[in-house]
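Asker: First the structure, which I've put down as structure tokens, then a few questions once you've had a look.
The values are calculated or read from the model by the stated rules, or taken from the named source; none is laboratory data. Computed from a prediction, not measured in an experiment: that's the story for all the values here. Reconstructed Cβ throughout: ideal geometry from the backbone, glycine too, with neighbour counts over all protein chains shown.
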Amino acid sequence: MKIFVMIFALLVIITPLAFAESSNVGTIYWKEEIISNNSFADIYVKDNDMNKKEYPNFADNFTITVWSDTSPDGVEIKVLETGVYSGIFKGSVYISDSGKTAKNRLVANPGDILYAKYTDFTLPNGNVSEIISAAVVKISGGNMDQILNNIDSSMRPSIFENKIPSWVKNNAGWWADGTISESEFISGVEFLINDGIINVPPTTVSSETSDGVPAWVKNNAGWWADGTITDAEFVNGIQHLIKSGLISVSVDSEPVKVPYVESNTGDSELTALEAKLEKCSEIVKAYKRIDCEKPLDKSIMLYDYQTNSEHFDLGPITYHWFGVGSEGNKFEITSTGQAILSVRMLVENTSSEITAIHCTSPSICAYDVWDGSKAFKYSGMDFTSGQIVLNPGDSREFNILFGPNIGYGGTEFEYDSSKSYTFRIDETFGSTNIPLKVE
């Protein structure tokens with residue numbers, strides 16, 4: 001058995017155990033460890049236990065404490081769940097070199113240590129833990145690494161958040177010295193990208209494909225394995241492999257592409273997919289059965305949207321929607337008088353380039369509801385880290401809920417039977433209004 005295959009097998013066995021042991025433990029980290037004065041700094045908390053699900057389709061929120069050497073009393077700021085049920089929460093604080101510390105403004109001087117504290121009340125047996133993360137305020141021309149290295153490593157979880165696992169470097173080294181083949185290395189990297197272990201920035205695939213991996217990419221892999229070059233430089237080489245078509249990036253392994261078909265011939269297409277899905281049930285090993293079923297389930301869902309829903313073409317994206325009253329699309333007024341509107345759509349990238357749709361917060365979101373005079377911002381959504389990235393030919397459902405005001409520029413959704421409502425899309429690649437027919 002080849003080395004990469006053995007490592008992957010071990011990961012499949014070990015990873016679930018690791019998650020089981022740490023599922024109750026929260027983490028907190030600054031998005032950047034070196035922060036410039038007079039700018040906003042983002043802080044993230046990861047804790048699935050804080051995803052309370054008290055209200056279906058609503059994002060949760062809670063408060064954390066931030067302070068600096070200059071302002072040791074600090075302030076409390078709110079962190080908001082980045083997507084419904086994501087368990088990842090984001091907050092922002094403005095770092096200022098003047099004025100007073102108040103609300104979401106924290107005063108700090110160059111060279112100050114910035115602290116963020118999350119109190120985890122959801123540990124087993126009722127235990128409580130205070131988790132602290134640190135960053136530094138940039139000194140112009142100063143050696144920030146020296147200051148960072150003096151911080152307790154337990155307060156620097158971000159150095160692990162964005163690092164590629166060490167075993168990946170082993171693979172790169174083995175390829176560089178000939179222990180594993182070029183095809184095995186490429187297959188391994190495809191898995192790592194598609195599984196989210198290596199994060200590669202959006203990369204356009206060139207129309208001109210390469211005949212093989214350039215020598216400099218292989219050299220990079222070896223240099224990266226022994227620490228001569230950085231993660232970012234190694235990722236540059238991976239991007240080149242994607243551009244040249246040597247690495248295929250997709251959300252699912254072995255994706256099944258389903259073309260648009262007329263309704264009178266669609267039954268045969270659907271029957272073929274369902275027959276393949278039925279064959280998957282014969283696979284004994286659970287993870288292999290899931291690998292078989294997942295792309296087929298997705299293709300059947302895409303077929304259903306393509307043949308039975310309304311289609312709205314906007315730049316590289318086609319929006320598919322079944323309308324209010326379908327599954328995931330609901331309008332109701334609760335017993336308290338609160339109007340609730342749930343919107344579920346499928347987005348399909350019909351272009352030849354990687355693209356993304358965007359919704360970072362209620363105030364910074366390409367999607368809202370308009371009644372002709374007033375815009376209503378979301379109460380919950382399931383965008384991951386503020387965007388949904390789509391590879392060419394890829395598709396994904398997304399959900400947005402409008403209801404109570406959750407802050408961060410949000411609004412309370414109000415219903416007036418005399419008004420007409422539209423779902424507004426205002427992306428960088430185009431804008432459109434979709435009638436909602438709410439009643």
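Asker: What residue, of Val347, Val343, Val389, is modelled with pLDDT under 90, in a strand (DSSP E or B) and surrounded by 16 or more Cβ atoms within 10 Å (Cβ to Cβ)?
Answerer: Values: Val347 fails: modelled with pLDDT under 90; Val343 fails: modelled with pLDDT under 90.
That would be Val389, the only listed residue that is modelled with pLDDT under 90, in a strand (DSSP E or B) and surrounded by 16 or more Cβ atoms within 10 Å (Cβ to Cβ).
Asker: Mind counting the residues in the stretch 306-325 that are under 19 Å from Lys437 (Cα atoms) and of a type outside the set (A, V, I, L, M)?
Answerer: Here the count works out to 11.
Asker: Let me ask something else. Filtering the stretch 392-408 down to residues that are surrounded by 21 or more Cβ atoms within 10 Å (Cβ to Cβ), of a type in the set (A, V, I, L, M, F, W, C) and modelled with pLDDT of 85 or more, which residue is nearest to His311 (Cα to Cα)?
Answerer: The qualifying residue nearest to His311 (Cα to Cα) is Ile400.
Asker: Collect the residues in the stretch 292-343 that are under 26 Å from Asp426 (Cβ atoms) and of a type in the set (Phe, Trp, Tyr), keeping them in residue-number order.
Answerer: Tyr305, Phe312, Tyr319, Trp321, Phe322, Phe331
Asker: Can you name every one of the strands (runs of 3 or more DSSP E) wholly within the stretch 32-100 that holds 2 or more residues which are buried (at least 18 other Cβ atoms within 10 Å of the Cβ), modelled with pLDDT of 80 or more and under 17 Å from the mean Cα position of the chain (by Cα)?
Answerer: Details: elements: 39-46, 61-68, 75-81, 88-96.
Those strands (runs of 3 or more DSSP E) span 39-46, 75-81, 88-96.
Asker: Could you look through the stretch 409-438, keep only residues that are crowded, with 16+ Cβ neighbours inside 10 Å and among the polar types (S, T, N, Q), and pick out the one that is nearest to the chain's Cα centre (by Cα)? Reasoning before the result, please.
Answerer: Here is the first cut: in the stretch 409-438, the residues crowded, with 16+ Cβ neighbours inside 10 Å are 410-411, 413, 415, 421-425, 427, 434, 436, 438.
With among the polar types (S, T, N, Q) added as a condition, the list becomes 411, 422.
Working: Thr411: 24, Thr422: 27 Å.
The extreme case among them is Thr411.
Asker: So, one more: Go through the stretch 151-174 and report how many residues are surrounded by fewer than 17 Cβ atoms within 10 Å (Cβ to Cβ), modelled with pLDDT under 60 and polar (S, T, N, Q).
Answerer: 2
Asker: Among the residues of the stretch 368-407, write down those that are over 17 Å from the mean Cα position of the chain (by Cα) and within 18 Å of Thr82 (Cα to Cα). It would help to see each step written out before you state the result.
Answerer: Taking the stretch 368-407 first, the residues over 17 Å from the mean Cα position of the chain (by Cα) are 368-379, 392-393, 401-407.
Once the filter is applied, which keeps residues that are over 17 Å from the mean Cα position of the chain (by Cα) and within 18 Å of Thr82 (Cα to Cα), the stretch 368-407 yields Asp368, Lys377, Tyr378, Ser379, Leu401, Phe402, Gly403, Pro404, Asn405, Ile406, Gly407.
Asker: State all residues of the stretch 102-156 that are part of a helix (DSSP H, G or I) and of a type in the set (Val, Ile, Thr); if no residue qualifies, say none.
Answerer: Let us first name the residues in the stretch 102-156 that are part of a helix (DSSP H, G or I), namely 124-126, 144-149, 153-155.
Across the stretch 102-156, the qualifying residue is only Ile147.
Asker: Name the single residue, out of those in the stretch 369-386 being at pLDDT 90 or above and surrounded by 20 or more Cβ atoms within 10 Å (Cβ to Cβ), that is nearest to Gln306 (Cα to Cα). Explain how you work it out, then say what you get.
Answerer: As a first pass, look at the stretch 369-386 and keep what is at pLDDT 90 or above: 369-378.
Then drop every residue that is not surrounded by 20 or more Cβ atoms within 10 Å (Cβ to Cβ), which leaves 369, 376-378.
Numbers: Val369: 24, Phe376: 29, Lys377: 28, Tyr378: 26 Å.
Taking the candidates together, the pick is Val369.
Asker: Taking the criterion of being touching a strand residue (DSSP E or B) at 6+ places or on another chain (Cβ under 7 Å) and within 15 Å of Met345 (Cβ to Cβ), would at least one residue in the stretch 403-414 satisfy it?
Answerer: The answer is no; no qualifying residue exists.
Asker: Sort through Val251, Val261 and tell me the only one that's surrounded by fewer than 16 Cβ atoms within 10 Å (Cβ to Cβ), among the β-branched types (Val, Ile, Thr) and at pLDDT below 75. Talk me through it step by step, then tell me what you get.
Answerer: Numbers: Val251 fails: surrounded by fewer than 16 Cβ atoms within 10 Å (Cβ to Cβ).
Result of the check over Val251, Val261: Val261.
Asker: While we're on this one: Going through the stretch 208-246 one residue at a time, which ones are modelled with pLDDT of 70 or more, buried (at least 18 other Cβ atoms within 10 Å of the Cβ) and in a loop (DSSP other than H, G, I, E, B)?
Answerer: Val213
Asker: Which of the residues that make up the stretch 311-331 are aliphatic (A, V, I, L, M) and more than 28 Å from Ser352 (Cα to Cα)?
Answerer: Answer for the stretch 311-331, where residues must be aliphatic (A, V, I, L, M) and more than 28 Å from Ser352 (Cα to Cα): just Val324.
Asker: Just need a number here: residues in the stretch 350-360 that are outside any loop (DSSP other than H, G, I, E, B) and surrounded by fewer than 20 Cβ atoms within 10 Å (Cβ to Cβ).
Answerer: Restricting attention to the stretch 350-360, the residues satisfying the condition of being outside any loop (DSSP other than H, G, I, E, B) are 355-360.
Filter again for surrounded by fewer than 20 Cβ atoms within 10 Å (Cβ to Cβ), leaving 356, 358, 360.
Count: 3.
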